[in-house]
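The values are calculated or read from the model by the stated rules, or taken from the named source; none is laboratory data. Since this is a predicted model, take the numbers as computed values, not measurements. Note: ideal-geometry Cβ built from the backbone for every residue, glycine included; neighbour counts use all protein chains shown.
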4 protein chains.
Amino acid sequence: MSTNRLEAFSDGVIAVAITLLVLNIELPTLKAGESLAGGLLAQWPVYAAYAVSFLTIGIIWINHHVMIGRLREADRTILFLNLLLLMSIAVLPFATRLAAAYLKKSHGQHLATGVYSGAFLLMAVFFSALNQHILLTKAHLLHTEIPLEQRRQILYRSITGVAPYAIATALAVVSSYLTLAICGALAIFYALPIGSGGVEPAG
Amino acid sequence: MSTNRLEAFSDGVIAVAITLLVLNIELPTLKAGESLAGGLLAQWPVYAAYAVSFLTIGIIWINHHVMIGRLREADRTILFLNLLLLMSIAVLPFATRLAAAYLKKSHGQHLATGVYSGAFLLMAVFFSALNQHILLTKAHLLHTEIPLEQRRQILYRSITGVAPYAIATALAVVSSYLTLAICGALAIFYALPIGSGGVEPAG
Amino acid sequence: MSTNRLEAFSDGVIAVAITLLVLNIELPTLKAGESLAGGLLAQWPVYAAYAVSFLTIGIIWINHHVMIGRLREADRTILFLNLLLLMSIAVLPFATRLAAAYLKKSHGQHLATGVYSGAFLLMAVFFSALNQHILLTKAHLLHTEIPLEQRRQILYRSITGVAPYAIATALAVVSSYLTLAICGALAIFYALPIGSGGVEPAG
Amino acid sequence: MSTNRLEAFSDGVIAVAITLLVLNIELPTLKAGESLAGGLLAQWPVYAAYAVSFLTIGIIWINHHVMIGRLREADRTILFLNLLLLMSIAVLPFATRLAAAYLKKSHGQHLATGVYSGAFLLMAVFFSALNQHILLTKAHLLHTEIPLEQRRQILYRSITGVAPYAIATALAVVSSYLTLAICGALAIFYALPIGSGGVEPAG
């Protein structure tokens with residue numbers, strides 16, 4: 001299978017998932033005497049989780065493009081691993097809503113942000129697994145031959161990107177705010193040109 | 001009509017349907033004294049039905065690509081049959097929600113999972129009908145000539161894929177869990193390289 | 001502007017609109033003592049309106065493809081008229097929900113199905129307006145020169161397709177069931193190869 | 001990175017966002033004795049905000065196409081700025097719902113339409129920022145060399161398009177109706193061929 005339609009389908013799923021995030025932002029239910037301004041401000045976790053998820057999905061889209069761009073064609077195993085990766089992206093609107101709803105609550109906030117960060121962790125793991133499969137097992141399907149040393153380097157960076165999400169997930173036990181902050185910092189770091197080497201090199 | 005835009009539109013519908021599935025996963029409504037962990041675990045049928053539907057739609061997307069990839073151009077009848085196939089895929093988010101909501105209930109569980117599995121059955125029937133129309137009636141629209149014997153073989157595999165869903169649907173009378181398990185097993189079987197010949201050969 | 005991205009964007013909007021229709025199909029709220037089977041059957045107008053809208057949007061997609069396929073490039077006016085056409089398609093999920101919710105009610109059923117059929121009417125009008133603009137005013141943007149007589153013929157068929165929806169809308173005053181039945185009959189007629197000449201010739 | 005997939009992903013996000021707007025149009029909840037006609041008419045702000053947002057997103061899509069169409073390839077900074085632009089477009093369904101829900105209310109209407117118009121303002125700012133980055137900083141990535149004077153002219157028009165939204169946002173303090181009317185007038189003005197030079201020249 002040529003990678004054209006694989007890219008088109010993946011683009012479609014990622015574009016829908018990133019845009020569906022907005023359904024998590026609901027009109028605030030105002031308590032008696034509460035102003036709209038107060039109600040809108042009170043739901044700041046919804047906006048924070050939205051922005052973090054939007055940027056993170058946007059970055060994974062860029063990295064996905066680079067990863068698949070190296071491929072000449074795809075086989076069944078690649079399609080299957082890609083499907084798992086897409087599933088981990090497609091569930092993010094739910095994980096985002098969960099984290100936003102419980103961030104400020106006294107009960108469940110640690111679990112909710114742990115699930116949120118854990119969803120990013122799962123995404124990073126599936127991404128690395130697919131990257132490893134492409135670069136090591138299916139190197140003959142690449143557009144141009146890449147020396148093993150360089151392929152290992154690309155993969156190393158990809159796997160390194162898993163660690164911060166593992167840490168963020170573990171720290172959810174300590175503080176849900178901290179976990180959200182780390183996820184946000186990672187999104188900004190990887191989005192900036194300086195951090196682009198962290199998960200996946202641009203070229 | 002060239003098949004390019006037919007593929008683009010079908011990819012779009014399938015990508016939206018597979019991503020809309022996430023809207024079925026709602027925040028759990030916690031009973032008095034129930035923890036978030038308990039609430040999240042209690043709705044496991046929602047996750048199970050989600051995963052089964054996601055993988056199944058992903059596989060039908062792969063098979064759809066292979067089927068349309070053989071075509072040089074499409075005529076009205078192909079467009080119409082493809083539209084019916086897309087409709088059977090687009091209703092899956094509803095069928096998935098129905099099965100998840102009733103799986104553990106004492107009333108309606110058999111019907112709900114029967115509808116769920118029946119939706120997959122319908123999809124498999126429309127897929128086979130379109131495949132038969134392309135391979136037997138419209139063979140002159142194929143990219144390259146395929147010997148009748150080989151076309152019959154492809155079609156035979158396609159039609160064979162209908163039977164397991166018919167069985168799963170019939171068994172919903174016995175147990176809703178069994179039906180969901182069969183649908184899940186089919187999704188994993190077809191997703192794995194070893195099972196790829198079951199519905200449609202990859203090449 | 002080349003028509004490639006115009007087609008891609010239009011395909012995207014139409015694919016999302018046609019797939020969003022499924023959100024109209026909700027789990028039935030069962031009354032005391034009502035079975036799931038009873039609840040599912042009682043909401044048959046939801047399924048009927050869904051199928052009619054799905055097929056109708058599918059057909060307009062095919063016709064849209066044929067119409068834009070004649071164009072070599074698009075100018076601002078074409079983009080604007082196309083945007084209006086897309087808007088009339090994008091509101092169909094709402095019109096469909098309205099018709100389904102009121103079809104069986106004693107109050108509001110005539111208005112609801114009138115709005116539903118009126119939405120199709122609007123879509124047909126915008127389609128014809130865009131077609132007329134392309135075929136008569138912007139004929140120099142066509143891929144290949146088409147004799148005026150033939151262009152008028154294509155346009156005539158396109159405009160003829162408006163009438164049945166006008167009739168269906170007017171008849172909503174008499175019976176909401178009749179209006180839905182006409183819209184459904186039109187969808188099936190245009191979908192079948194025999195009716196393909198009614199709105200737009202396939203070639 | 002070639003701009004092909006950047007365009008495809010952006011088209012996808014914009015197409016989903018523009019189509020998701022329809023979810024803001026809900027069935028009216030009828031008060032005792034209220035007719036469906038009355039209920040439908042009473043929610044006219046929902047339709048007005050819908051139409052304004054639909055046209056505005058449609059226009060930004062056209063302008064986006066022209067802007068990216070000048071690029072030969074994209075780098076990380078362009079991808080990041082484009083992601084911010086897409087985020088400002090993707091939140092519009094929420095801003096639209098907010099404005100529609102509060103337009104007629106005695107409390108919160110000024111803030112709600114201010115947020116609505118402010119979302120358009122943000123979109124215009126991100127659009128201009130990306131345009132400036134492409135035309136001035138990354139001019140070596142353009143398809144064909146454009147004289148500095150002409151690039152400045154394009155940019156000037158782009159930045160000029162920001163002002164009306166700043167005014168509309170400021171005027172929300174005075175009247176929410178006025179703000180909505182200005183946003184609507186801008187959408188129609190830019191959509192018409194005569195106004196196409198306002199934000200971005202078509203060629």
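Results, tabulated for the structure shown:
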| read-out | value |
| --- | --- |
| Residues located in the range C:12-31, provided they are closer than 17 Å to B:Ile18 by Cα and not hydrophobic (A, V, I, L, M, F, W, C) | C:Gly12, C:Thr19, C:Asn24 |
| Answer residue from the range C:72-126, given it is surrounded by 20 or more Cβ atoms within 10 Å (Cβ to Cβ) and outside any helix (DSSP H, G or I) and is farthest from the other protein chains (Cβ to nearest Cβ) among those | C:Leu103 |
| The range A:151-168, residues that are among the hydroxyl-bearing types (Ser, Thr, Tyr), within 11 Å of A:Leu135 (Cβ to Cβ) and surrounded by fewer than 16 Cβ atoms within 10 Å (Cβ to Cβ) | A:Tyr156 |
| Residues being polar (S, T, N, Q) and free of Cβ contacts under 8 Å to residues at least 24 places away in the same chain - total across the range C:145-174 | 2 |
| Checklist (1) in a helix (DSSP H, G or I); (2) of a type in the set (Val, Ile, Thr); (3) out of contact with any helix residue (DSSP H, G or I) (no Cβ under 6 Å at 6 or more places or on another chain) applied to A:Thr179, failing item | (3) |
| Answer residue from the range D:25-43, given it is small (Gly, Ala, Ser) and in a helix (DSSP H, G or I) and is nearest to the other protein chains (Cβ to nearest Cβ) among those | D:Ala37 |
| Candidate set: the range B:49-58, residues that are within 8 Å of another protein chain (Cβ to nearest Cβ) and of a type outside the set (Phe, Trp, Tyr); chosen: the one surrounded by the fewest Cβ atoms within 10 Å (Cβ to Cβ) | B:Ala51 |
| Any chance C:Leu155 is part of a helix (DSSP H, G or I), in contact with a Ser or Thr (Cβ under 9 Å, 6 or more places away or on another chain) and of a type in the set (A, V, I, L, M, F, W, C) | yes |
| Search result, residues across the range B:27-36 that are surrounded by 14 or more Cβ atoms within 10 Å (Cβ to Cβ) and out of contact with any Pro (no Cβ under 9 Å at 6 or more places or on another chain) | B:Leu27, B:Pro28, B:Leu30 |
| Candidates C:Val22, C:Val46, C:Val13, filtered to the one that is more than 25 Å from B:Ala119 (Cβ to Cβ), crowded, with 20+ Cβ neighbours inside 10 Å, modelled with pLDDT of 95 or more and at the interface with chain B (Cβ under 10 Å from one of its Cβ atoms) | C:Val13 |
| In the range D:169-181, the residues that are crowded, with 22+ Cβ neighbours inside 10 Å and under 16 Å from the mean Cα position of the chain (by Cα) | D:Thr169, D:Thr179, D:Leu180 |
| The range A:167-193, subset within 14 Å of chain D (Cβ to nearest Cβ) and among the small types (Gly, Ala, Ser), residue farthest from A:Ala112 (Cα to Cα) | A:Ala191 |
| Output for the range A:60-71, where each listed residue is crowded, with 20+ Cβ neighbours inside 10 Å and either acidic (Asp, Glu) or within 8 Å of chain D (Cβ to nearest Cβ) (or both) | A:Trp61, A:Ile62, A:His65 |
| Residue check, B:Ala37 closer than 30 Å to C:Arg70 by Cβ and either in contact with a helix residue (DSSP H, G or I) (Cβ under 6 Å, 6 or more places away or on another chain) or in contact (Cβ under 8 Å) with a residue 24 or more places away in the chain (or both) | no |
| Matching entry among C:Ala129, C:Ala124 (being touching a Gly at 6+ places or on another chain (Cβ under 9 Å) and touching a residue at least 24 places away in the same chain (Cβ under 8 Å)) | C:Ala124 |
